[in-house]
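Notes to accompany the following structure.
The values are calculated or read from the model by the stated rules, or taken from the named source; none is laboratory data. The shown structure was predicted, so the numbers you read here are calculated from the model rather than taken from an experiment. Glycine gets a Cβ as well: all are built from the backbone with ideal geometry, and neighbour counts include every protein chain shown. Keep in mind that these areas ignore ligands, DNA and RNA; they rest on the heavy atoms of the full protein, side chains included. Shrake-Rupley method; radii C 1.70, N 1.55, O 1.52, S 1.80 Å.
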Amino acid sequence: MKRNFDVAVIGAGAVGCACALWNQDTGLDVALIDKSGPTDAASYGNAGIFSVTGFAPLNSPGLIRRLPKLMFDNDSPLSIDWVYALTHLPWMLKFLRACAPDKVAHITEQLANITNHVEAGFMPLAKRAGAEDLIKDIASIYIYSTKEYFEGDAASIESRRRLGADMDVIDQDEVHEMEPHLRAPVYKALRSNENKYIINPGEYIERLKKCFASDGGEFINAAAMSCSEQGDQVQVRIDDGSTLTCNKLVIAAGAHSKKIVGSGAEKLPLDTERGYHVVYHGAQSKLTRPVGWSSGGLYATPMETGLRIAGTVELAGLNKPPSPRRMEYIAGMANKMFDGLGEPDETWMGFRPTLPDSVPVIGLAPGKRNILLAFGHQHLGLTMSGITGRVIADLVQGRAPNFDISGYSPSRFG
Ligand SMILES: Cc1cc2nc3c(=O)[nH]c(=O)nc-3n(C[C@H](O)[C@H](O)[C@H](O)COP(=O)(O)OP(=O)(O)OC[C@H]3O[C@@H](n4cnc5c(N)ncnc54)[C@H](O)[C@@H]3O)c2cc1C
């Protein structure tokens, strides 16, 4: 195995693969390091939506108002492990502080700024990897079952529209005409006209990896443990005790990025919003497009292999096993959304990487010269993966990206 590279990327989820491919595109010799099974990454189990309108952060003043109900109600899209919350109080407080209206407005602008460029990062990679057949170009819809839910989102809808999101409000009849199998009550729905979706996110990642390898990239099946800058190079220690060197190292290990000792990531307030999915094989014919449901905090997506119901947020860290109660909740909501689903054929839990201000870090690690960070894409990592890779490739080349990336600086946490 080779031991010296221009660039090494740690993590082969959507973000790491995009960083590896965009750097390879500039003619560099790139290594991509990952040891996980194919279903371990958040990039495998998401709802598949390439969401150019979804740049509303979880942080919101409304969330604070609803928090007591959300926390003590088992039938809730948000679940918090209290022991975990109390032992991770600084992160929780930072997250709650970012729910203030001025902060939410700033976060929404930062997310909109990068979302404006996601097509330019994503589509060339999909084309290069021969994955365009996995992309379905169809508007998604997001339903509100009551006036209260709809009005609770009014400020977010308004600010996203102001920032360019192409969304229109449709009524119950139109929703049922589009999706006759949907049983969830509809008061109003938002249609996002420019969204697309990936019918098999796991296969999409596999195609990116195959393309990387067939274009001469080195895939290293190992876990990276630590790294250190040595002169103009970075040394990476991997779990078999060996080391490799590179001129630039990119940390794109999603919610696990903090574990890579010496990278600078360990000092950032990265945590995880755990999310779940259930799949009903053969039931994808119940929908023609992804449909979100605000009451459940989830999306139903007609995937290649079945109907996937994905979403919810659980704050419980990286170590606890998946919660059967969360699975039951999401399966229960699925059965309220559609008739005749019964028991799911597959269940899954994954780790969204989340910083308390819901904005990713993309840039040089604080105090480092050759280590770049690319993680924290929370609910939008599939969508933002391509553009993140493109920005990282620019930074490796010493070029300024074609939009302002100062808001994603890892140094913003001090
Ligand atoms: C239920 C759910 C629904 C979602 N729906 C959507 C959606 O519809 N649209 C959207 O845009 N986003 C969605 N997301 C968010 C999106 O999936 C994530 O933001 C995105 O996948 C994060 O990508 P990533 O590459 O940063 O991390 P990951 O996909 O988690 O990949 C990280 C990789 O790093 C590897 N790794 C970790 N530690 C090491 C190490 N030490 N050495 C080597 N490798 C390591 C892991 O094995 C893993 O493969 C959803 C997420 C969830 C959970």
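Some notes on this structure:
- Taking Leu67, Leu380, Leu298 as the candidate residues, the one with maximal mean-square fluctuation in a Gaussian network model of the chain, Cα springs under 10 Å, is Leu67.
- Computed label-point distance, nm, for sites Asn335 and Phe413 using a 7 Å Cα→Cβ extension: 4.1
- Remark on Leu372: its backbone amide H falls under 5 Å from those of Leu249, Val250, Ile251, Ala365, a criterion applied only to residues 5 or more positions apart or on other chains, H modelled at 1.01 Å from N.
- Cross-link partners of Lys286 among lysines (Cα-Cα below 17 Å; sequence separation of 8 or more within a chain): Lys136, Lys336
- Electrostatic bookkeeping for Arg274 treats Lys and Arg as +1 and Asp and Glu as -1; over the other residues with beta carbon under 9 Å from its beta carbon, the sum is +1.
- Rel. contact order, % - alpha carbon contacts under 8 angstrom, at least six apart, region 314-414: 23
- GluC sites (Glu not before Pro) lying in DSSP loop within region 59-165, provided at most 15 other Cβ fall within 10 Å: none
- For region 134-201: rounded, prolate or oblate by the Cα gyration tensor [a/c cutoff 1.5]: oblate
- In Å, descending, principal axis extents of the Cα set of region 289-404: 56, 32, 24
- Ordering of 357-370, 337-350 by packing is 357-370, 337-350, highest average first (other Cβ atoms within 10 Å, averaged per residue).
- Flagged links, alpha-carbon separation over 20 Å, of Lys103/Lys267; Lys103/Lys147; Lys35/Lys258; Lys267/Lys368; Lys127/Lys210: Lys103/Lys267; Lys103/Lys147
- Region 64-221 shape via C-alpha gyration tensor axes, a/c threshold 1.5: oblate
- Region 281-321 shape via C-alpha gyration tensor axes, a/c threshold 1.5: oblate
- Rolling a 1.4 Å probe across the protein heavy atoms gives the chain an accessible surface of 40 Å² per residue.
- Relative contact order computed over the chain (Cα-Cα under 8 Å; 6+ residues apart), in percent: 27
- Selected from Arg308, Arg191, Arg325 as most flexible by GNM, with the chain as the system and alpha-carbon contacts under 10 Å: Arg325
- Expected 222 nm ellipticity per residue - DSSP helices of 4 or more, -39500 (n - 2.57), all of the chain, to 500: -10000 deg cm²/dmol
- Among the helices of the chain, none built from whole DSSP H runs has Cα atoms reaching 27 Å or more along its own axis together with a mean Kyte-Doolittle hydropathy of at least 0.5.
- Comparing Leu89, Leu134, Leu78 in a Gaussian network model of the chain, where Cα atoms under 10 Å apart are tied by springs, the biggest mean-square fluctuation is seen for Leu89.
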